[in-house]
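What follows draws every value from the coordinates through simple rules; no lab data is involved. For clarity, every value in this text was computed on a predicted model and none was experimentally measured. Every residue, glycine as well, gets a Cβ built from its backbone with ideal geometry; the counts of neighbours run over all protein chains shown.
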Amino acid sequence: FLNWLLNTCILCFIFFFMNSLGLIATPLGTPRFIPTNETNHQALLAIKDLIPVDPLGALSSWNHSINFCHWQGVTCSHQHQRVTTLNLSSLALAGSVSPHIGNLTFLRIIDLQNNSLHGNVPPEIGRLFRLKYLSLLNNSFQGEFPTNLTHCSNFKSLTWLKTTLKVKFVSNWVLCII
């Protein structure tokens with residue numbers, strides 16, 4: 001009996017360890033990636049890594065000592081503990097936006113306005129099918145705006161003026177080139 005109990009505990013530990021990494025075996029036995037809370041945690045840390053200038057210390061809470069749902073600018077759903085809002089507006093941040101933002105699959109609101117963010121807006125934002133609001137006002141983004149935002153079926157509002165983005169087509173709107 002004790003041997004069976006030990007084996008069962010070991011199997012449970014292995015299952016929970018694999019689940020925490022987001023690896024689940026499919027019926028064919030090949031692992032596939034499933035976004036988890038840890039995926040959100042790692043995505044936020046990757047976002048922080050590409051924002052080296054943080055004069056107000058806004059991202060200082062973004063570390064391993066507290067749950068990411070309690071980090072400044074991050075709001076999570078109560079049910080799934082997944083990031084639903086990323087509000088980093090007016091924090092004097094400088095850097096670029098990580099493509100890992102596309103791993104925050106529960107995001108509904110992204111507010112990055114009034115910072116000094118630059119580079120391209122990652123096309124991975126187009127994977128955020130729950131996204132409703134995106135504000136990029138008063139930054140220095142360049143290049144073309146990701147046209148794959150048309151995959152965001154709930155998309156309602158885009159604020160992007162005063163950037164150097166060239167916008168061709170977003171959702172049901174035809175937007176002018178800045």
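Brief remarks on what is shown
- Virtual spin-label span in nm between THR105 and VAL53, 7 Å along Cα→Cβ: 3.5 nm
- Close amide H partners of LEU117, meaning residues 5 or more places away or on another chain with modelled amide H under 5 Å apart, are GLY95, SER140.
- If R0 is taken as 41 Å, the Cβ-Cβ distance between SER116 and GLN79 corresponds to a FRET efficiency of 0.70.
- Label-to-label distance, nm, for residues given as ASN87 and PHE129 (7 Å Cα→Cβ offset): 2.7 nm
- Contour minus Cα-Cα distance for LEU45 and HIS64 (0.36 nm per residue): 5.9 nm
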